[in-house]
Amino acid sequence: MSSLISRTIKGRGRTPVTVVVEQSRLDWILLAVFVGVSLFGLVLIASSSIPFAERNYGSAFYFVIRQSIFLLLSLLLGAAVFCVPIRQWEKYGPLMLIGSLFLLSLVWIPGIGKEVNGSRRWIDLGLFNVQVSEAVKLCIIVYLAGYLVRRGELVQNTLGGFVKPMVLICFADALLLLEPDFGAAAVITMTAMIMLFVAGVRVSQFAALIAGLMLVTYFLIWLSPYRLARFLSFLSPFDDPFGRGFQLTQSLIAIGSGSWTGVGLGSSVQKLFYLPEAHTDFVYAILAEEMGLFGSLAVIFSFSFIVWKSFALSRRAYEIGHRFAAFVALGIGTWIGLQSFINIGVNMGVLPTKGITLPMLSYGGSSALIFAISFGILLRIDYEVREQFADSMKPMPRPQEPLSGGRVNAWY
């Protein structure tokens, strides 16, 4: 997809010269990074899951085949989403929020919700399970972006305009904590806070919100035995390396074993039933073991590039008056950045252990589909911004030449 943009410049002798410039209306670089990271994630899933899949499912490529199917579906879904105008997302944002809250409540209905490892985060559809929290993140971003456009002045100037969206977000967080899914609740809350801050909320209200959330987090940790155990194991994992600190200890061993260049793709030792969840939450540790510091930094750079492109796109959209698209791009970029940072931090022992995936690299059909939708939206925003810019660069019609003996009105 490309467009021809006419630009008038001064040539030699101050003669106006019209130059036609071809500009692509699709960000091929962002698309290539998304597809490349997703395919690289498929390779990592193959490397990290083969021993576990062969022992538990009788097929070494059980997870690889399923993720390949999800990846193909996600690319098709992303292409379909790209064709949807952004104004449609703004129109149906409130309905998306209501639908996501309804799905969160379905996980508690017997026969529909499915419990895995003590958490009810999935809806059983037979052939595969849907992790509702992944869709909730995107739905809240779309809803909040629309709210900030409709009620921007109230958010900036009144307490009620600031509190109303936070009440809905806290309600969604409460449903997530009941599953329990503390990681998803944290990502949603922090993403919403950054969007509100950029929208111009009062600093005093924002500071009060941060203080309140810190207090709530303190009680959520100390009043929940399993969260307290995770927090204590994070502080000193080697005090109980074969008990509560086992997973983090094995992750740190994997990362340390990788050194500069890694032990080689497919040669990880920790994936051989030492590191739990090696193909999901702790796939970054296997990456660091097999590809070393250089491979780890390459992945971090890829995520940093995606976040930077999202923020740059948000600014461009805001500058041309497309505020909803600007807030959506900001929210998606913040979400990807936060979730990547938390997952990598957990793998490295910088943050307490949470059940949160690494975007586009961890195994998971729900995650693959939702991130494909998100990138389809980003590419659509970029397309509409480029299209509007191209329209603004089109040459204006010349005024009509007056007929001999007569006059005409100015064309403007």
How many angstrom lie between the C-alpha centres of region 79-116 and region 290-359? 22 Å
Taking amide hydrogens as modeled 1.01 Å from N in the peptide plane, which residues meet the under 5 Å criterion relative to residue 351, leaving out close sequence neighbours? 346
With x for Gly and Pro, the residue-by-residue ³J(HN,Hα) of region 63-78, computed from phi through the Karplus equation 6.51 cos²θ - 1.76 cosθ + 1.60 at θ = phi - 60° and given in whole Hz, is 6, 5, 5, 5, 5, 4, 5, 4, 5, 5, 4, 5, 5, 5, 5, x
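How large is the helix-only mean residue ellipticity at 222 nm for the chain, computed as the sum of -39500 (n - 2.57) over DSSP H runs with n ≥ 4, divided by its residue count, in deg cm²/dmol to the nearest 500?
Working: 14 runs with 268 residues, N = 412.
One gets -22000 deg cm²/dmol as the mean residue ellipticity at 222 nm.
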Only Lys, Arg (+1) and Asp, Glu (-1) charged, at Cβ; region 92-223 dipole about Cα centre in debye: 300 debye
Whole-Hz couplings from phi, Karplus 6.51/-1.76/1.60, listed for region 281-293; x for Gly and Pro: 5, 10, 5, 5, 5, 5, 4, 5, 5, 7, 10, x, 5
With +1 assigned to the C-beta of every Lys and Arg and -1 to the C-beta of every Asp and Glu, and no other charges, what is the dipole magnitude of the chain about the Cα centre in debye, to the nearest 20? 1440 debye
Applying 1/(1 + (r/R0)^6) with R0 = 25 Å to the Cβ-Cβ distance of residue 208 and residue 95, what FRET efficiency is obtained, to the nearest 0.05? 0.20
Projected onto the charge dipole of region 64-182 (unit charges on the beta-carbon of Lys, Arg, Asp and Glu, signs +1, +1, -1, -1), the Cα from 174, 116, 98 with the largest positive-side position is that of 98
In what order do 170, 139 fall by count of nearby beta-carbon atoms within 10 Å, going from fewest to most? 170, 139
With Cα extents along the principal axes in Å as the read-out, I listed (i) 60, 52, 38; (ii) 99, 51, 40; (iii) 91, 41, 40; which label goes with the value calculated from this structure? (ii)
Using a 7 Å offset from the Cα along the Cα-to-Cβ direction at both residue 117 and residue 304, what is the distance between the two label points in nm, to one decimal? 2.9 nm
Which far-off residues, 5 or more places away or on another chain, put their amide H under 5 Å from the one on residue 25, with H placed in the peptide plane? 2, 3
Helix 132-150 sits off the longest principal axis of the Cα atoms of the chain, rounded to the nearest 10 on a 0 to 90 degree scale, by 30 degrees
Length released on extending from residue 124 to residue 232, taking residue separation times 0.36 nm less the Cα-Cα span: 35.6 nm
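Every number here is computed from the coordinates shown, using simple stated rules; none is lab data. Keep in mind that this is a model prediction, so the values were computed, not measured. Cβ coordinates were reconstructed from backbone atoms using ideal geometry, including for glycine residues, and neighbour counts include every protein chain displayed.
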